[in-house]
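A.B. asks: Got a structure for you, written out below as structure tokens; questions coming shortly.
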Amino acid sequence: MSDPAVSAFSRRRFLNASGGALLAPAILTAATTLRAQQKVDSNETLRIGLIGCGGRGTGAAAQALTADYNTKLVAVADAFDTQIESSIKNLSTQFPDRVDVKPEMRFTGLDAFKKLLATDVDVVLLATPPGFRPQHLTAAVESGKHIFCEKPMAVDAAGYHVAMAAVRKAQEKKINLVAGFCWRYSASRIEAYKRVHGGDIGEIRDIYASYHTGPVKPMPEASSRPAGMGDAEWQIRNWYNFSWLSGDSIVEQAVHSIDKVVWAMRDTPPVSCIASGGRQIPAEGGNIFDHFNVTYTWDGGVLCHFGSRQQRGTHSEVIDVVSGTKGRLVLGKGQYPYIEGEKRWRHREDERQMHQAEHDALFAAIRKGEVINNGDRMMLSSLVAVMGREAAYTGQKIAWKDDSPPPAPAPEGKDKEAKKDKAPERVALAMMSSKQDLAPDNLQFGDKFDPGPIPLPGVTKFA
């Protein structure tokens, strides 16, 4: 599946990385890359490349083309040629004069991303299944392209460290890196969290967040699998149902809610979390849960209770309630946010659709010679979601990092055994110390690959 050079460098070198200090959620500086200089305040057409031609990728391409009218989609890449043809047809209908993808610029296969990045595109949109994101992000940064990176950015600890290294490199190279956490570009949400951080609801005491909805991409019955199709291809075609590709629903979809929680907490990580979850509807060979309940604890004892579900015929609700000592903020899907309490407020102004706003910001920065880097906050939210998933999968309490003192030296003499139990132990279940690596290396379509069973809390171990 992966380029051996990238795989060896990426997935193993950073397994023991500490993650470093969490910086500001975004960096805005003057651009110095040659390509950015060439495009600043010019009439030169920006050339766009799309990696991942499914529904979200096609939507991102449409938003990119809408954001700047002097742009063209000139290259596409996907594992499957049928996805490419469908995407180009759809986009050509919307933008008949600005979709110009020649046959030689249509790349297929698991290495298609490398071929696209070797072209002269200026901006690349990363929208493949999340399990590929760290590798694709690394390669995109190395190629010097400006980047729109769909959420989440990793599905495991190893992928987090790989992608975090790419974020640092992007900062050094002054490459635009805009994340697909679209709520961060919603004018009403920006104003709401500004008021929360300004003290309008007092000190935050607790947060409730939910993402209750139906299945996104249900797993087909095993009998529908074409004869001769390898495990890898079958899983990639049904990527949402395998944790090594999607990260599970809490990481792939409900991470939006977790991102808003982290935003409320000023982009700081939780201290620890406990969780429950499981699978009530048959998985048809997939290995993801269909419901989660997670309680995160932040410094000062602030609790966040988060719940998600993907089941047909059940109540749907996506809501965030941030409660403080002087009031509470309520964010509901499809409605403007409001504050109840001493400083009542409701957002009433129309706003730019948030998926469009994030692309508007990206292309405006390129034209102005500025750089937006959402890297630190996008990686933090991704790993907080992984942390909640692992707490549910294992049934264990998981800390963000191990701050306990090192173990005392082993005692000597006849009372050695008696004293041994009194020595302080280091926390074993710390997210930043995890060595979990779900992604297999160098997998090809026809290969056999066992993704593992549905996790069993109390049995499944934390890696």
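The values are calculated or read from the model by the stated rules, or taken from the named source; none is laboratory data. None of these values were measured; they are calculated from a predicted model. Every residue, glycine among them, receives a Cβ derived from its backbone with ideal geometry; neighbour counts consider all protein chains shown. Accessible surface areas use protein heavy atoms only, side chains included; no ligands, DNA or RNA. Shrake-Rupley method; radii C 1.70, N 1.55, O 1.52, S 1.80 Å.
A.B. asks: Between R352 and R237, what is the spin-label point distance in nm, taking each point 7 Å from the Cα along the Cα→C-beta axis?
C.D. replies: 4.0 nm
A.B. asks: Roughly to the nearest percent, how much of the accessible area of the chain is carbon and sulfur, given a 1.4 Å probe? Each step should come with its number before you reach the end.
C.D. replies: Details: 10140 of 19800 Å².
The computed percentage sits at 51.
A.B. asks: Give me the distance in nm between label points sitting 7 Å out from Cα along the Cα-to-Cβ direction at T325 and E85, one decimal.
C.D. replies: Taking the two extended label points, one gets 6.4 nm.
A.B. asks: Tell me, what HN-Hα J-couplings in whole Hz come from the Karplus equation 6.51 cos²θ - 1.76 cosθ + 1.60 at θ = phi - 60° for each residue of the range 431-438, using x for Gly and Pro?
C.D. replies: Result, rounded to whole Hz: 4, 6, 9, 5, 10, 5, 9, 7.
A.B. asks: Here's something else I'd like to know. Rounded to the nearest 20 debye, what is the charge dipole size of the chain about its Cα centre when +1 sits on each Lys and Arg Cβ and -1 on each Asp and Glu Cβ? Walk me through the numbers on the way to the answer.
C.D. replies: Numbers: 57 positive and 54 negative charges, 121 e Å.
The calculation lands at about 580 debye.
A.B. asks: Gain in length, K448 to A283, computed as 0.36 nm per residue apart minus the alpha-carbon separation, to one decimal in nm? Intermediate values should be presented prior to the final figure.
C.D. replies: Working: separation 165, 0.36 × 165 = 59.40 nm, distance 1.94 nm.
Going from the current span to full extension adds 57.5 nm.
A.B. asks: So who's got an amide H within less than 5 Å of the one on V318, skipping anything under 5 residues away but keeping other chains? H placed 1.01 Å off N, in plane.
C.D. replies: Here the answer is H212, K333, since their amide H atoms fall under 5 Å of that of V318.
A.B. asks: Name the long-range amide H neighbours of R346: under 5 Å, sequence gap of 5 or more, or other chain; modelled H, no Pro or chain starts.
C.D. replies: HN-HN under 5 Å from R346: I339.
A.B. asks: From the backbone phi of the range 256-264, what are the Karplus-calculated ³J(HN,Hα) couplings (6.51 cos²θ - 1.76 cosθ + 1.60, θ = phi - 60°) in whole Hz, Gly and Pro given as x?
C.D. replies: Values per residue, Gly and Pro as x: 4, 5, 5, 4, 5, 5, 4, 4, 4 Hz.
A.B. asks: Rounded to the nearest 0.05, what FRET efficiency is calculated for S224 and Q311 with R0 set to 25 Å and r the Cβ-Cβ distance? Spell out each step's value before the answer.
C.D. replies: Details: r = 21 Å, r/R0 = 0.84.
With R0 = 25 Å, the Cβ-Cβ based efficiency is 0.75.
A.B. asks: Amide H to amide H under 5 Å from G324: which residues, 5+ apart in sequence or cross-chain, H placed 1.01 Å off N in plane?
C.D. replies: HN-HN under 5 Å from G324: R205, L329.
A.B. asks: Here's another thing I want to ask about it. Please compute the per residue accessible area over the chain with all protein chains in place, 1.4 Å probe, rounded to a whole number of Å². Intermediate values should be presented prior to the final figure.
C.D. replies: Numbers: 19800 Å² over 463 residues.
Averaged over the residues of the chain, the accessible area is 43 Å².
A.B. asks: If you keep only loop residues by DSSP, which GluC sites (Glu not before Pro) in the range 199-234 have at most 14 other Cβ atoms within 10 Å of their Cβ?
C.D. replies: In loop regions of the range 199-234 (DSSP not H, G, I, E or B), the sparsely surrounded GluC sites (Glu not before Pro) are E203, E221.
A.B. asks: Sticking with this one: Tell me the mean residue ellipticity at 222 nm calculated for the chain from its helices only (DSSP H runs of n ≥ 4, each -39500 (n - 2.57), averaged over every residue, nearest 500). Write down the numbers at each step before the final one.
C.D. replies: Numbers: 15 runs with 147 residues, N = 463.
Counting only the DSSP helices, I get -9500 deg cm²/dmol.
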